[in-house]
Amino acid sequence: VLQQMKESFITEEEHKKCQKVADAFAELYEIENIVVLDVGRYGFVKLQYYSKERGFENDFTFTNSRNLFDDLWQEWRDTKLIQRAMDTPMQGMDYDEIFNFLSEQEQKELSDRKKDFAAAAGIEL
């Protein structure tokens, strides 16, 4: 009789930390075509770009809370920059160009949001 191994790919501690990160970015799932799912012993999976015909275009697995945080932060930041650039001369610029085009106050607001997400997720910057 073959015995199936129940190998875990994420520690319990990292699992809890990843859940905090996923919860901290809940607003992202409302504004972007992204969902982060707890897949138990495999970690967390970010699914994005859903279409009815093909399902999700991308999937990424995370077993480290810092990597998950960095990825979701980048998604949130990029989404906000694209929203800000729509119907302006910034439309068509890359993310860094848009960011540099923003006022110092707008840049600071984005940076402050990163601190807010980090605090909610229990991540040190």
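The values are calculated or read from the model by the stated rules, or taken from the named source; none is laboratory data. Everything numeric here is computed off the predicted structure, so don't read it as measured data. A quick note on method: Cβ atoms are made from the backbone with ideal geometry, for glycine too, and the neighbour counts reach across all protein chains shown. Side chains are part of the model used for accessible areas, which takes the heavy atoms of the whole protein and leaves out ligands, DNA and RNA. Shrake-Rupley method; radii C 1.70, N 1.55, O 1.52, S 1.80 Å.
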Segment 77-93 - residue that is open to solvent by less than 80 Å² (accessible area, probe 1.4 Å) and either in contact with a Lys or Arg (Cβ under 9 Å, 6 or more places away or on another chain) or assigned to a loop (DSSP other than H, G, I, E, B) (or both) and, of those, farthest from HIS15 (Cα to Cα): THR88
Selection within segment 32-59 - of a type in the set (A, V, I, L, M, F, W, C) and within 14 Å of TRP73 (Cβ to Cβ): ILE34, VAL36
Residues of segment 94-104 satisfying the condition of being closer than 22 Å to ASN33 by Cβ and outside any helix (DSSP H, G or I): ASP94
Within segment 35-47, which residues are within 16 Å of the chain's Cα centre (by Cα) and either open to solvent by 70 Å² or more (accessible area, probe 1.4 Å) or at pLDDT below 95 (or both)? LEU37, ASP38
Applying the selection to segment 1-34, what residues are within 10 Å of the chain's Cα centre (by Cα) and surrounded by fewer than 12 Cβ atoms within 10 Å (Cβ to Cβ)? ALA26
Of the residues in segment 1-47 that are in a loop (DSSP other than H, G, I, E, B) and charged (D, E, K, R), the one that is nearest to GLY122 (Cα to Cα) is GLU32
Would you mention how many residues in segment 83-117 are closer than 21 Å to PHE25 by Cα and without any contact (Cβ under 8 Å) to a residue 60 or more places away in the chain? 15
Just checking, how many residues over segment 48-76 are open to solvent by less than 30 Å² (accessible area, probe 1.4 Å) and either without any contact (Cβ under 8 Å) to a residue 40 or more places away in the chain or part of a loop (DSSP other than H, G, I, E, B) (or both)? 3
